[in-house]
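Notes follow the structure.
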Amino acid sequence: MAKSGAEVRVKQLDKIGLFRQFGEDILNELANVAIIRRIPRDRIVFHLGDVPSYIYHVIQGKIRLSVPLSDGREFIFSDLGPGESFDLAILFTSRGSNMNAASVEDSDLLQIEVSFMARLFNKRPDLALKVIPYLCEATHDAQERVIHGAASALSTRLANTLLRLTEGPHSVATVDRVPSIHISQTDLAAMVPASRAKVNRCLREWERRYLTRYDHGSLTILNRAALESVALGEISFNRSMMHFPRAGASPWHASARQ
């Protein structure tokens with residue numbers, strides 16, 4: 001027998017750690033007001049400066065949080081995939097959003113009205129206290145990224161970005177379980193941030209050293225240990241960490257042949 005819309009929403013809410021801790025009765029209340037919304041590719045969810053009316057959770061697809069820079073470029077703060085929530089801060093402040101949110105591909109979002117959550121927190125202040133640790137963790141992670149990015153060289157920022165992307169919606173595993181990231185160099189440059197030309201030069205140097213391979217929008221990490229060394233700010237490469245292909249072998253496929 002097909003499940004009702006409310007049952008589907010309860011199931012989705014139960015997958016979200018933040019809401020799961022609220023208990024079954026509250027989940028049922030949330031399910032009655034939650035909306036599952038299809039967002040076509042390249043659609044704006046909200047603009048920088050908007051005061052969102054909803055909090056959002058990604059069921060499937062990819063949502064990009066970005067900020068326009070003064071020179072006309074776009075800084076991509078994060079690409080969110082299934083299982084990730086955003087705009088929880090609006091539950092505690094009426095300030096406008098400090099980023100744009102847009103769909104990178106066809107996406108399904110579960111959204112809940114902020115006004116409903118406000119009424120719920122008025123009745124159950126204990127539930128509001130359960131949200132705060134999630135916000136603190138998100139704020140801490142954002143601060144770490146900004147501080148690290150401001151003090152790091154391009155290669156360090158790029159390595160950290162790639163390692164972070166292996167845990168996100170860009171990442172897939174190849175047949176031989178080598179991490180591969182589907183992303184354009186333009187988007188990668190916007191995440192670092194840096195010019196596309198500088199990112200391209202860095203990637204070409206890494207290809208020469210067999211750390212990574214970039215081909216038609218797909219970046220494969222060939223030597224994760226060496227890339228982690230770069231991410232830690234080490235300026236030299238330990239020879240024992242490097243992978244050198246056999247004589248006559250293509251460097252692009254050497255890692256798969258071992």
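Computed quantities for the displayed model
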{"quantity": "Of residues in segment 186-202 being in a helix (DSSP H, G or I) and touching a residue at least 40 places away in the same chain (Cβ under 8 Å), the one surrounded by the most Cβ atoms within 10 Å (Cβ to Cβ)", "calculated": "MET191"}
{"quantity": "Segment 100-140: number of residues that are under 18 Å from the mean Cα position of the chain (by Cα), farther than 15 Å from TYR56 by Cβ and surrounded by 11 or more Cβ atoms within 10 Å (Cβ to Cβ)", "calculated": "3"}
{"quantity": "Unique residue being surrounded by 16 or more Cβ atoms within 10 Å (Cβ to Cβ) and at pLDDT below 90 when the list is ARG20, ARG9, ARG95", "calculated": "ARG9"}
{"quantity": "Filter result (among the hydroxyl-bearing types (Ser, Thr, Tyr) and within 22 Å of LEU127 (Cβ to Cβ)) within segment 80-111", "calculated": "SER85, THR93, SER94"}
{"quantity": "Residue match in segment 202-224 (condition: closer than 17 Å to SER152 by Cα, at pLDDT 85 or above and β-branched (Val, Ile, Thr))", "calculated": "no"}
{"quantity": "Candidates VAL10, VAL45 - the one that is free of Cβ contacts under 8 Å to residues at least 40 places away in the same chain and among the hydrophobic types (A, V, I, L, M, F, W, C)", "calculated": "VAL10"}
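The values are calculated or read from the model by the stated rules, or taken from the named source; none is laboratory data. Keep in mind that this is a model prediction, so the values were computed, not measured. Counting neighbours? That spans all protein chains shown, and the Cβs are built from the backbone with ideal geometry, glycine included.
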